[in-house]
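The structure appears below as structure tokens.
The values are calculated or read from the model by the stated rules, or taken from the named source; none is laboratory data. Predicted model, so just to flag it, every value in this text is computed and none were measured. Heads up, the Cβs are rebuilt from the backbone with ideal geometry, glycines too, and the neighbour counts pull from every protein chain shown. Accessible surface areas use protein heavy atoms only, side chains included; no ligands, DNA or RNA. Shrake-Rupley method; radii C 1.70, N 1.55, O 1.52, S 1.80 Å.
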Amino acid sequence: MTTTINFIAVFLSVIFLVYRNQSIFFQVDSVSMKTNVSNTRDTLNDKNYSWPNKKVQTEIIVKNKADYSEKFIQGLKKLGFKKIELKDSLIIINDSDTSYFPGCPSIGKYMVLTGRKDDLEIALTIERKNYTTLDYKIEMVEFGKARHSQSGQADLNSGFFFGAESDISMKSGNAYLVTEFVEYQKNDCYTFIRLGYDEETGPYLLGKLKKNCNDKLLDINLENFTTLIEK
């Protein structure tokens with residue numbers, strides 16, 4: 001009986017020590033997490049970093065307005081930076097931070113991309129007019145059922161420099177960087193055109209679509225239709 005009691009006492013003591021050590025660990029870890037968050041906050045608040053302020057009225061300086069769409073310029077005003085300068089392929093923020101406009105696709109080059117999945121075939125014709133704007137035509141044909149055709153102008157997102165987009169090539173399985181152009185129309189209709197190159201599959205331009213309002217045809221997204229390839 002005494003042996004049993006001693007065993008239980010030892011067992012409870014071990015549990016207590018384990019629990020106490022875990023509590024100490026969690027307290028230390030919590031302090032470490034708070035320190036990391038504090039250090040991060042100090043870094044983000046560094047006076048040399050240009051953070052946007054939605055209440056600021058942005059000064060926009062444009063070297064040549066023909067190089068950029070009015071929609072893109074108006075979108076810059078909503079980002080909250082104090083000053084933005086557009087100079088050829090360069091965008092300068094608050095006289096310090098800089099970014100280049102994406103070079104894909106090339107300006108002035110006429111290209112056709114096509115893709116087919118099951119009975120649906122899509123042809124995308126594009127020509128980039130300037131640093132921000134893409135002329136496009138989309139033709140969708142589902143053999144024996146329906147067709148849809150649409151033309152328009154899609155623009156680069158004004159905040160494109162906040163982060164790069166990427167897609168997966170359904171041909172190679174590789175991820176590749178893309179430039180996204182967008183057009184919004186009436187009745188919540190939208191067209192997203194995403195273009196880029198997969199270095200491992202050659203010099204052909206690749207495209208993906210996100211598009212609704214296709215008459216009787218299905219809405220297109222990044223998963224339900226294949227990658228378009230330059231002809």
Exercise. For Leu44, are the conditions met, namely being modelled with pLDDT under 95, of a type in the set (A, V, I, L, M) and open to solvent by 50 Å² or more (accessible area, probe 1.4 Å)?
Worked result: yes
Exercise. Out of all the residues in segment 86-114, which are among the charged types (D, E, K, R) and either within 18 Å of Tyr197 (Cα to Cα) or crowded, with 20+ Cβ neighbours inside 10 Å (or both)?
Worked result: Lys109
Exercise. How about segment 141-191: which of its residues are assigned to a strand (DSSP E or B), closer than 18 Å to Glu230 by Cβ and among the hydrophobic types (A, V, I, L, M, F, W, C)?
Worked result: Ala154, Ile168, Leu177, Val178, Phe181
Problem set entry | Filter pass, Asn174 being within 22 Å of Ser151 (Cα to Cα), surrounded by fewer than 17 Cβ atoms within 10 Å (Cβ to Cβ) and modelled with pLDDT under 95 | no
Exercise. Looking at (1) in a loop (DSSP other than H, G, I, E, B); (2) touching a residue at least 60 places away in the same chain (Cβ under 8 Å); (3) among the charged types (D, E, K, R), which is the one condition that is false for Asp95?
Worked result: (2)
Exercise. Can Phe225 be described as of a type in the set (Phe, Trp, Tyr) and either touching a strand residue (DSSP E or B) at 6+ places or on another chain (Cβ under 9 Å) or open to solvent by less than 80 Å² (accessible area, probe 1.4 Å) (or both)?
Worked result: yes
Exercise. Here is a list of conditions, (1) open to solvent by 70 Å² or more (accessible area, probe 1.4 Å); (2) closer than 29 Å to Gly80 by Cα; (3) of a type outside the set (Lys, Arg), and Glu183 meets all of them except one; can you say which number that is?
Worked result: (1)
Problem set entry | Filter result for Lys117 (basic (Lys, Arg), touching a residue at least 12 places away in the same chain (Cβ under 8 Å), open to solvent by 40 Å² or more (accessible area, probe 1.4 Å) and closer than 24 Å to Gln185 by Cα) | no
Exercise. In segment 122-144, is there at least one residue being modelled with pLDDT under 95, open to solvent by 70 Å² or more (accessible area, probe 1.4 Å) and of a type in the set (Lys, Arg)?
Worked result: no
For this session: Please specify each residue of segment 148-167 satisfying the condition of being in contact (Cβ under 8 Å) with a residue 40 or more places away in the chain and touching a strand residue (DSSP E or B) at 6+ places or on another chain (Cβ under 7 Å).
Result: His148, Gln150, Gln153, Asp155, Leu156, Asn157, Phe161, Asp167
Exercise. Which number in (1) outside any loop (DSSP other than H, G, I, E, B); (2) farther than 16 Å from Thr191 by Cβ; (3) touching a residue at least 60 places away in the same chain (Cβ under 8 Å) marks the one condition that Leu124 misses?
Worked result: (2)
